[in-house]
Amino acid sequence: MSKANKKPLPHSVTKSELIEMYCNQFSEAKIRNQINEILKEKNISKDTKIIPHLEFMEFVETYGLPKGYHYEDDV
């Protein structure tokens, strides 16, 4: 899939958006559990709806780019 057919990776996402991005790769439960674990490690409430940028990037680094997305600065 060429970059033209992919969406740029957003700066931050909601949990619902994260689940939608990765639903074809992992179960909803796994995605939720993993992001909640990252948030817990950073002392951020798991009840937060918007995942901060650094925690989102940690998730992406751990599980790879979601299918259909590219880093904004990719050439």
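The values are calculated or read from the model by the stated rules, or taken from the named source; none is laboratory data. All values derive from a computational prediction rather than experimental measurement. When we count neighbours, we look across all protein chains shown, and the Cβ atoms used for this are built from the backbone with ideal geometry, even at glycine. In case anyone asks, the SASA skips ligands and DNA or RNA and just uses the protein heavy atoms, side chains included. Shrake-Rupley method; radii C 1.70, N 1.55, O 1.52, S 1.80 Å.
Here is how the numbers come out for the structure above:
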{"item": "Tabulated pairs, the range 60-72, first in contact (Cβ under 8 Å) with a residue 60 or more places away in the chain, second among the basic types (Lys, Arg), C-beta under 7 angstrom, 6+ apart or interchain", "result": "68/6; 68/7; 69/6; 69/7; 70/3; 70/6"}
{"item": "Positions within the range 1-59 being part of a strand (DSSP E or B) and β-branched (Val, Ile, Thr), in sequence order", "result": "13, 14, 50, 51"}
{"item": "Residue list for the range 28-43, filter: surrounded by 16 or more Cβ atoms within 10 Å (Cβ to Cβ) and either touching a Pro at 6+ places or on another chain (Cβ under 8 Å) or of a type in the set (A, V, I, L, M) (or both)", "result": "31, 35, 38, 39"}
{"item": "Any pair with Cβ under 6 angstrom, 6 or more apart, that starts in the range 1-16 at a residue that is on the phi < 0 side of the Ramachandran plot and at pLDDT below 85 and ends at one that is open to solvent by less than 90 Å² (accessible area, probe 1.4 Å) and not in a loop (DSSP other than H, G, I, E, B)", "result": "3/70"}
{"item": "Test for residue 48: is it open to solvent by less than 90 Å² (accessible area, probe 1.4 Å) and at pLDDT below 95", "result": "yes"}
{"item": "Cβ pairs under 6 Å, 6+ apart, first in the range 17-43 and closer than 18 Å to residue 55 by Cα and free of Cβ contacts under 8 Å to residues at least 40 places away in the same chain, second open to solvent by 90 Å² or more (accessible area, probe 1.4 Å) and not in a loop (DSSP other than H, G, I, E, B)", "result": "19/28"}
